[in-house]
Amino acid sequence: MKVIITANSGWNLINFRMGLMRELIKNGNEVVAVVPSSSYLEVLNKIGVRVVLLAMDSHGLNPISDGLLSLRFYTILRRERPSVLLTFTIKPCIYGTLAASMLNIPVINNVTGLGAAFLRGGFLTFIVRGLYRLAFSHSRTVFFQNQDDFYKFVNEGLVKVKVAQVLPGSGVNLNEFSMKPLLKKQHVIKFLMISRILKDKGVIEYAAAAKAIRLKNKSIEFSLLGLHDIQNPNAVDQSQLNGWIEGGSINYLGTTSDVRPYIAEVDCIVLPSYREGTPRTLIEAAAIGRPIVTTDVAGCRDVVDDGVNGYLCSVKDIDDLIEKLLLVSSMSHRQRVEMGVCGRQKAVREFDEQIIVDRYLKEISYLS
C-alpha cells in the first residue's frame, strides 16, 4: 500500500511518528511524507520515506491562504493516489481531509491538540468547528489523544461516535527512554520544564513560582528547556525571558535534539500547561522515572495519577503550583524514587509506542 503521512512540519513526524513510519516501511508499504520545507527532510529520506514538499502557513488564519492549502493537498493527492492518508496537527487534519474526500481517499486523523482558534470563542471558533465537522464527516477513523477531546467533539456533533477512538498520544520508545536512577544530590533539588516558550504552556506561571520559591530557598533550582519561537503570537517576550534569566529565577538551557540526559539530571519534570493533547515530554519523564508536576487539564491529567507518580495543580494557579513544587522538594530521595517507579510502570502499561503503532496497523489493515 501507499501511505501518505502529513503534519505541519518534518520535525513533528521525526519526533512523534518515527516508530510508525519505520513499521509501515518494514511491512512493505510505500510511505510518503507531505510536509513544508524542513531541515529534517534528509532524516526522513534516510529511513526510506519519500518526501513531497507542501507550502503551508502553520499559524496563519487567512481564509484565502487556507483555501489554497486545500487545493495544494488536492493536487498532491490526485497525483499520488495513496491507499490511505494519515493526518496530524490541525491544518492537515482539516484541509488534507477535505481534499482527500473529493478523491474518495480513506483518511485516518489524529487530533493532537485543539488549538487557540478552537478554544478562544467567537466567530473564528464557529468557523473552525464547522470545518472540523465537515472534514471529519468524511474520515474513516479519528483518533483523539485524551478522553476530554473525544467527548467534546462527540457531544458537540463534530465527529460521529462510530469513527472516534481514544489513542494515548504518540507513545514513547521504552527502550530509548529507559529507566534512569534518580541521582542523590546534596542539598539541591532540581526542577525542569521542557516546552516551547509559549504563554499557554504555563511558562509565566512556572517562572513566577520559581521566583517565589527561590526567594526563600536558593537550593531549589528551576530550568527551562525548549524553543523560543518569537514569531509565534503566543510566545513569551524576549525581554521577559531575559528578566527571568538575569534575575536568577530560571536557568534557560536552549534547545536540544535529545532530552534524555536533561531529564535524567533532575528530580522532577514540570508542565503547568493550559491544555494539551497528550504531552510527549511528560510521557518521556514518566518512562525515565521522574516525578511530574502538571496541571489538572485535558491531556496532562492523563499522564499523572495524582499523588502516585506526580501531582496535579489547578491551571493558572501560581499558589497551587508552588504548593505542589514544595511537596516534591520536601519528599525524601526514596519517596521521589518510588514516585518515579510508579511513573515508569504507568508508561509501560499505557504509553508504549508499540501500542499506538499496532492500533494504526490494525486500522490500515482493514483497507487492504
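Quick note: the coordinates plus some simple rules give every number you see, no bench work behind them. Predicted model, so just to flag it, every value in this text is computed and none were measured. Don't worry about glycine lacking a Cβ; one is built from the backbone with ideal geometry, like all the others, and counts go over all protein chains shown.
Just list whichever of LYS2/LYS91; LYS91/LYS324; LYS46/LYS316; LYS91/LYS316; LYS46/LYS324 have alpha carbons separated by over 32 Å in the model shown.
From the list (LYS2/LYS91; LYS91/LYS324; LYS46/LYS316; LYS91/LYS316; LYS46/LYS324), the Cα-Cα distance tops 32 Å for LYS91/LYS324; LYS46/LYS316; LYS46/LYS324.
Could you give the nm distance between label points at TRP11 and LYS26, where each point is 7 Å from its Cα heading toward the beta carbon?
2.8 nm
Mind putting a number on the dipole of the chain about its Cα centre? Charges go on the C-beta only, +1 for Lys and Arg and -1 for Asp and Glu, and I need it in Debye to the nearest 20.
580 debye
Dipole magnitude of the range 189-350 about its Cα centre, charges +1 at Lys/Arg Cβ and -1 at Asp/Glu Cβ only, in debye to the nearest 20?
300 debye
Taking a virtual spin label 7 Å from the Cα of SER368 along the C-beta vector, which residues in the range 1-17 bring their backbone nitrogen under 14 Å of it?
1-3
Taking the Cβ-Cβ separation of ASN251 and LEU53 as r and a Förster radius of 45 Å, what is the calculated FRET efficiency to the nearest 0.05?
The value I calculate is 0.75.
Output the relative contact order of the range 189-350, whole-number percent, from Cα pairs under 8 angstrom with separation of 6+ residues.
Taking the mean separation of contacting Cα pairs over the length of the range 189-350, I get 24 percent.
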